[in-house]
Amino acid sequence: MNVIAKYFPNLTEQQTERFAALFDLYADWNTKINVISRKDIDNLYLHHILHSLSIAEIIKFTPRTNIIDVGTGGGFPGIPLAILFPDCDFCLLDSVGKKIKVASEVASAIGLTNCTFAHKRMEDEKGKYDFVVSRAVMPLNNLVNVSKKNIASEQKNALPNGIICLKGGELQSEIQPYRNIVSLYNISDFFEEEYFATKKAVYLPVRR
């Protein structure tokens, strides 16, 4: 939890309590449904929560922004972002029902009211959203293909509506088709911990 406060020192008391509650909730659920590697649960705050919050270093979502988290798994990056941006609306989507169950139960336990949950594939989602976020779910081109239909045309934020995804490793071939419009961020520019040395964030505006 200390690493969250290190980079986000202005959290409200409620936000701090919600972040603090996540470890016990995920540790308990992980004994029943494996949504985080059991070897990695002790690194929950660094590897999963802070990593999710790197999106907040790219954009500060304005109130009433609608965001969909594609392939949320146990709720990443959606739940940390929903805590940080309580005036925004999040839909957490995953095709695996038991993962959605964990995410919804965790959100309910900490009193998050700005999240909805969808047990489906993104191909079947009909809603409109300002931003699509994801965390190492699928290649960028695949994510664009399944989600571009869901990007709303009305603009609310400093960045045009589009896709923000968290990835690792070499991405040049993946972003090549979008080289004229894509933005690539080194998460190590935001967070100094060694874990983030190879972590990237990709932002792609999607115009309809």
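In this structure the amide hydrogen of residue 120, modeled in the peptide plane, comes within under 5 Å of the amide hydrogens of 94, 95, none closer than 5 places in sequence on its chain.
Would you mind classifying segment 2-205 by shape? Square roots of the alpha carbon gyration tensor eigenvalues, ordered a ≥ b ≥ c; an a/c under 1.5 is rounded, otherwise it is prolate if a/b is larger than b/c and oblate if not.
Rounded.
Once a ≥ b ≥ c are taken as the square roots of the eigenvalues of the Cα gyration tensor of segment 74-132, is the result rounded (a/c under 1.5), prolate (a/b larger than b/c) or oblate (a/b not larger than b/c)? Judged from the Cα gyration tensor, segment 74-132 comes out oblate (a/c at least 1.5, b/c at or above a/b).
Look at 207, 135 and count the other Cβ atoms within 10 Å of each Cβ; fewest to most, that gives 207, 135.
Could you size up the charge dipole of the chain around its Cα centre, putting +1 on the beta carbon of Lys and Arg and -1 on that of Asp and Glu, and report it in debye to the nearest 20?
Charge dipole, the chain, about its Cα centre: 760 debye, nearest 20.
Panel order for 173, 147, by other beta carbons found within 10 Å of each beta carbon, from fewest to most: 173, 147.
Taking only DSSP H segments of four or more residues, each worth -39500 (n - 2.57), what value at 222 nm results for the chain once the sum is divided by all its residues, to the nearest 500 deg cm²/dmol?
Taking each H run of at least 4 residues, the total per residue is -7500 deg cm²/dmol.
How many percent of DSSP beta bridges within the chain run antiparallel, rounded to 5? If I count the DSSP bridges inside the chain, around 35 percent turn out antiparallel.
With a length cut of 24 Å (Cα positions projected on each helix's long axis) and a Kyte-Doolittle mean of at least -1.0, go through the chain and give me the DSSP H helices that pass.
Result, helices passing both filters: 13-30.
Rounded, prolate or oblate: which one fits segment 1-60, using the alpha carbon gyration tensor with axes a ≥ b ≥ c (rounded when a/c is under 1.5, else prolate when a/b beats b/c, else oblate)? Taking the square roots of the gyration eigenvalues as a ≥ b ≥ c, segment 1-60 is prolate. Residue pairs exceeding 27 angstrom between C-alpha atoms, taken from 60/98; 6/98; 99/126; 60/148: 60/98; 6/98. When all alpha carbon pairs of segment 135-208 are counted in 5 Å bins from zero, the resulting P(r) reads 3, 15, 26, 24, 17, 11, 4, 1 %.
Values quoted throughout were computed directly from the atomic coordinates according to the rules given, and no laboratory measurement underlies them. Model, not experiment: these values are computed from the prediction. Reconstructed Cβ throughout: ideal geometry from the backbone, glycine too, with neighbour counts over all protein chains shown.
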